[in-house]
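The values are calculated or read from the model by the stated rules, or taken from the named source; none is laboratory data. Since the model is a prediction, treat every value here as computed from it, not as a measurement. A quick note on method: Cβ atoms are made from the backbone with ideal geometry, for glycine too, and the neighbour counts reach across all protein chains shown. Note: areas computed on protein heavy atoms with side chains; ligands, DNA, RNA excluded. Shrake-Rupley method; radii C 1.70, N 1.55, O 1.52, S 1.80 Å.
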Amino acid sequence: MYRIVIPARYASTRLPGKPLIRIAGRPLIQWVYERARRSGAAEVLVATDDERIAEAARGFGAEVVMTSILHASGTDRIAEVAARRGWGDDEVVVNLQGDEPLMPESLIDQAAGLLAAHAGAGIGTLAARIATLGAYLDPNVVKVVTGAAQRALYFSRAPIPWNRDTAPAGLASQRGFGHARRHIGIYAYRTGALRRLAALPPSPLEQLEKLEQLRALENGFDMRVADAAEMPGPDVNTPEDVARVEALLG
């Protein structure tokens, strides 16, 4: 059994009020919630600090947990929900980001299932093969490298792993990316690991790369990464994304 929490905030830098932007006649947060409800989760909650989002979510039948306005990340917001609900350390919660209206239900189940498959792991997440050289070199595409039993070794905006033999003249000459995988930003947590992670300060590598998951690796958390069973659709971060997603949902 697992739960889903959808963290949602109003103040987005690139797209203010993002959860309430209407896509094909519904607010974005509703599309995400309906995806979550079609998964195998026993419970789906919306966590927000904004009454406008809460009112909209209650309007389409979601259960809402109001949280602090001080949270710097969705992880912190979900940790507050877990604490207030009294969830045990071994219970599993999935962080489904509120801008993922095209996240397949199968991937939500898959992320949660990673923790059932790896009893010692505290965090599960997903990855997919990188298909183009452009994506491999793009710092907005987060890459992940894993070791034995798919344990996460590192995440980076840099092109990793680096194939020295296919880049004889440095970065601009790189042509090999066959072993590279991009990170898919869905996380499953054991509640105990979530609490410990949220209580830690930002780590040095996290601050350099601007990747919150590096805090977990720098502090010794066991994070497992599975190859996604299918590809998710695009998320929503810009007005152009809204039009693109609407075309797929409309």
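Remarks
- Here R215 fulfils each of the conditions (1) among the basic types (K, R); (2) closer than 18 Å to V145 by Cα; (3) open to solvent by 70 Å² or more (accessible area, probe 1.4 Å) apart from (3).
- If the condition is being among the polar types (S, T, N, Q), open to solvent by 20 Å² or more (accessible area, probe 1.4 Å) and not in a helix (DSSP H, G or I), then segment 61-110 contributes S68, S73, Q97.
- Applying the criterion of being of a type in the set (S, T, Y) and modelled with pLDDT of 95 or more to the residues of segment 11-56, the residue that is least open to solvent (accessible area, probe 1.4 Å) is T48.
- Among the residues making up segment 177-207, none is surrounded by fewer than 16 Cβ atoms within 10 Å (Cβ to Cβ), modelled with pLDDT under 95 and over 30 Å from A116 (Cα atoms).
- Tabulated pairs, segment 136-164, first touching a residue at least 24 places away in the same chain (Cβ under 8 Å) and within 18 Å of N219 (Cα to Cα), second among the charged types (D, E, K, R) and part of a helix (DSSP H, G or I), C-beta under 7 angstrom, 6+ apart or interchain: S156/E209
- Subset of segment 228-250 [in contact with a strand residue (DSSP E or B) (Cβ under 6 Å, 6 or more places away or on another chain) and at pLDDT 95 or above]: A228
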